[in-house]
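**Student:** If you scroll down you'll find the structure; I have some questions about it.
The values are calculated or read from the model by the stated rules, or taken from the named source; none is laboratory data. In this text the structure is predicted, and so the values were computed from the model without any measurement. Note: ideal-geometry Cβ built from the backbone for every residue, glycine included; neighbour counts use all protein chains shown.
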Amino acid sequence: MTNLYPYFPIVAALIVGGIALYVRHKTRTQPAKDAFGVFIRKQISELPEKNIKAFYTHSKPKIREACDDVWHALPSQRRESLDRLWKEYDEMPEAHLSEERENEYGTTLEEDLREAGDGVTPEHPGHPRDVLKYYLDEFYKFSA
């Protein structure tokens with residue numbers, strides 16, 4: 001049997017180096033993701049019951065800035081997903097957020113949608129508040 005002792009320092013150095021690279025990566029990216037998650041959660045908590053369109057208009061530049069701040073901390077595939085989500089959010093039809101739409105949706109229809117499991121999707125928008133909450137929840141997934 002050959003002596004394996006000379007190889008232990010090399011293996012140990014590779015393991016320690018791998019751990020150091022992982023820790024460096026996490027300490028570089030995690031603060032940006034955490035800040036983004038806190039910001040999005042704050043937006044969700046501030047989501048009003050009425051005047052959704054005004055909230056959307058007011059918060060959109062801040063959300064864009066937060067997306068730009070976290071963008072560098074994401075792998076390329078997630079960057080593309082974030083860009084697609086932002087574009088969809090930015091180009092949302094104003095009709096989805098209109099005051100008339102706020103008034104036409106009653107709790108019965110919203111409850112029926114939730115019971116059916118359909119929920120709110122871009123293809124099937126519900127109450128304007130639910131539409132914005134859907135998008136904010138989708139943005140929040142990038143903080144993980």
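**Student:** Which of the residues spanning segment 87-105 are of a type outside the set (D, E, K, R), out of contact with any Asp or Glu (no Cβ under 9 Å at 6 or more places or on another chain), in contact (Cβ under 8 Å) with a residue 24 or more places away in the chain and assigned to a helix (DSSP H, G or I)?
**Tutor:** The answer is 96, 97.
**Student:** Quick check on segment 74-105: of everything there that is small (Gly, Ala, Ser) and more than 22 Å from residue 31 (Cα to Cα), which residue is surrounded by the fewest Cβ atoms within 10 Å (Cβ to Cβ)? Give the derivation first.
**Tutor:** To start, the set of residues in segment 74-105 that are small (Gly, Ala, Ser) comprises 76, 81, 95, 98.
In the following step, the residues that additionally are more than 22 Å from residue 31 (Cα to Cα) were identified as 95, 98.
Working: 95: 10, 98: 14.
This residue is 95.
**Student:** Something else now. Out of segment 106-144, which residues are exposed (fewer than 15 other Cβ atoms within 10 Å of the Cβ), assigned to a helix (DSSP H, G or I) and at pLDDT 75 or above?
**Tutor:** Of everything in segment 106-144, those that are exposed (fewer than 15 other Cβ atoms within 10 Å of the Cβ), assigned to a helix (DSSP H, G or I) and at pLDDT 75 or above turn out to be 137, 141.
**Student:** Kindly provide the set of residues from segment 34-48 that are under 25 Å from residue 91 (Cβ atoms) and of a type outside the set (Val, Ile, Thr), ordered by number.
**Tutor:** Pass one, segment 34-48, residues under 25 Å from residue 91 (Cβ atoms): 36-37, 39-44, 46-48.
Within segment 34-48, 36, 37, 39, 41, 42, 43, 46, 47, 48 qualify.
**Student:** Hey, another quick one. With respect to residue 34, determine if the residue is in contact (Cβ under 8 Å) with a residue 24 or more places away in the chain and in a helix (DSSP H, G or I).
**Tutor:** On the way: in contact (Cβ under 8 Å) with a residue 24 or more places away in the chain: yes; in a helix (DSSP H, G or I): yes.
In short, yes.
**Student:** Hey, any hits in segment 45-66 for a residue that's in contact with a Ser or Thr (Cβ under 7 Å, 6 or more places away or on another chain) and at pLDDT 95 or above? Give the derivation first.
**Tutor:** Taking segment 45-66 as the starting set, the residues that turn out to be in contact with a Ser or Thr (Cβ under 7 Å, 6 or more places away or on another chain) are 53.
Cutting the leftovers down to at pLDDT 95 or above gives us none.
Within segment 45-66 (the criterion being in contact with a Ser or Thr (Cβ under 7 Å, 6 or more places away or on another chain) and at pLDDT 95 or above), the answer is no, since none of the residues qualifies.
**Student:** Still on this structure, please answer the following. When both residues are 6+ apart or on different chains and their Cβ atoms are under 7 Å apart, which pairs have a first residue that lies in segment 115-144 and is closer than 15 Å to residue 55 by Cβ and of a type outside the set (Ser, Thr, Tyr), and a second that is in a loop (DSSP other than H, G, I, E, B) and at pLDDT below 55?
**Tutor:** Final answer for the pair search is 130/120; 131/120.
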